Structures are given as C-alpha cells and as structure tokens.
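Below is one structure, written out as structure tokens; the observations come after it.
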Amino acid sequence: MTSREVTTSSPEETLAFGRRLAGELKAPALVLLYGDLGAGKTTLVKGIVSGLGLAREDEVTSPSFVFVHVFGDGLRLYHVDLYRIEQSAELETLGLDDLLAEKAIVLVEWAERLSLPAPAAAVRVRLETVSDQQRRIRVEGG
Ligand code: ADP
Ligand code: MG
C-alpha cells in the first residue's frame, strides 16, 4: 500500500476513500486507526467493510461496548475499538495477534491506546478534523 494524504469534504467522501483502501488490503492485514472522537475512524471502517463486500455501511457501528465485531465468513474482518480500554495493552495481550494469525483483516480504532511496539507491517491511518466537514486522512505503510 502506498502512503498518501487526502482531505475529504464529507462523510460520503471518507466512505469512498475507505472503499478504495479496501481494494488494496490483502489479508492478513492490521490497520491501525488514530484520531480523536469524530475524526471519522468509524466512517472509514464502514467504507472498508462495505468495499470488501462484507456488510452494508449501516450494519457497521462502533463496537465500543463489545470491543470487537466480526464480519465475513470466508474472509474474516475484525473491527476493534479500544476507546474504553482502561490501560493500554499489547496486541498479544489483546489476542489480536491470534486474529492476524488466522489471516484476518483487523481494523483497530483508537490505536493510540495500543502499547508499543506495534508490528512494522501495520497500515497506519491518521485522521484529523480540519473543519466541520473536512477530514485529513494520512495513510502510511502496509
Ligand atoms: P470516530 O470513529 O473517529 O469517532 P465517526 O466516523 O464515528 O468518528 O464520526 C465522524 C463524524 O463526523 C460523523 O458524525 C460524520 O457525519 C462527521 N463528518 C463530517 N465530515 C466528515 C468527513 N469528511 N469524513 C468523515 N466524517 C465526517
Ligand atoms: Mg469510532
């Protein structure tokens, strides 16, 4: 995956960017999403999940309360949200390395709550609120 930066001007544009990213993900893949509340992490996940054909956008909601949602049958995708984690933890402690070992795609919101080191091969996506409708999205690595 090539590094890039885009600025979207609506949730729809962020969804569309997520659908494009989906086409570049090859399992196993770890996608770490960084950014404040409202930066657009879940919106991007909706685009990725729908781009992979695993669920409709409206079927993707933030898994804050249950920690992880699973999509797919053949290709497994795990949507993890660390917002409510009390203390930062390592991938191994969270069991996320086991998910990757089964060749899944793992999307992690609030990746800043993961303690280092995160795997070098991870795709890092940093989202920032620029204005009410604008979000800067930087993709690195993969
Ligand atoms: P997060 O998961 O990072 O907390 P969400 O994706 O749940 O963020 O929420 C993003 C909010 O910002 C939504 O209410 C969405 O409608 C709004 N929004 C406005 N402009 C954009 C944009 N360009 N991209 C994504 N979301 C946007
Ligand atoms: Mg979210």
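The values are calculated or read from the model by the stated rules, or taken from the named source; none is laboratory data. Predicted model only: the values in this text are computed from it and were never measured. For neighbour counting, all protein chains shown are included, and Cβ atoms are generated from backbone atoms with ideal geometry for every residue, glycine included. The accessibility values were calculated without ligands, DNA or RNA, using every heavy atom of the protein model including side chains. Shrake-Rupley method; radii C 1.70, N 1.55, O 1.52, S 1.80 Å.
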Hey, does the stretch 76-89 have a residue that's within 16 Å of ligand 2 (Cβ to nearest atom) and assigned to a helix (DSSP H, G or I)? no
Within the stretch 14-46, the residues that are free of Cβ contacts under 8 Å to residues at least 40 places away in the same chain, near ligand 1 (Cβ under 9 Å from one of its atoms) and closer than 21 Å to ALA104 by Cβ are LYS46
Those residues of the stretch 15-51 that are touching an Asp or Glu at 6+ places or on another chain (Cβ under 8 Å) and among the aromatic types (Phe, Trp, Tyr) come to a total of 1
Could you give me the residue pairs with C-beta distances under 6 Å whose first residue belongs to the stretch 125-142 and is under 16 Å from GLU112 (Cβ atoms) and of a type outside the set (A, V, I, L, M, F, W, C), whose second residue is open to solvent by 40 Å² or more (accessible area, probe 1.4 Å) and not in a strand (DSSP E or B) wherever it lies, and which are 6+ apart or on separate chains? GLU140/SER3
Where residues in the stretch 74-95 are open to solvent by less than 70 Å² (accessible area, probe 1.4 Å) and over 22 Å from ARG19 (Cβ atoms), which of them is nearest to ligand 1 (Cβ to nearest atom)? LEU82
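Taking VAL45, is it surrounded by 13 or more Cβ atoms within 10 Å (Cβ to Cβ), under 19 Å from PRO11 (Cβ atoms), modelled with pLDDT under 90 and within 13 Å of ligand 2 (Cβ to nearest atom)? Can you show your working first?
Values: surrounded by 13 or more Cβ atoms within 10 Å (Cβ to Cβ): yes; under 19 Å from PRO11 (Cβ atoms): yes; modelled with pLDDT under 90: no; within 13 Å of ligand 2 (Cβ to nearest atom): yes.
No: the conditions fail for VAL45.
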Could you list, in sequence order, the residues of the stretch 5-26 that are of a type in the set (Gly, Ala, Ser) and either open to solvent by less than 40 Å² (accessible area, probe 1.4 Å) or part of a helix (DSSP H, G or I) (or both)? SER10, ALA16, GLY18, ALA22
Suppose we filter the stretch 96-118 for residues that are surrounded by 14 or more Cβ atoms within 10 Å (Cβ to Cβ) and either assigned to a strand (DSSP E or B) or away from ligand 2 (no atom under 16 Å from the Cβ) (or both); how many remain? 12
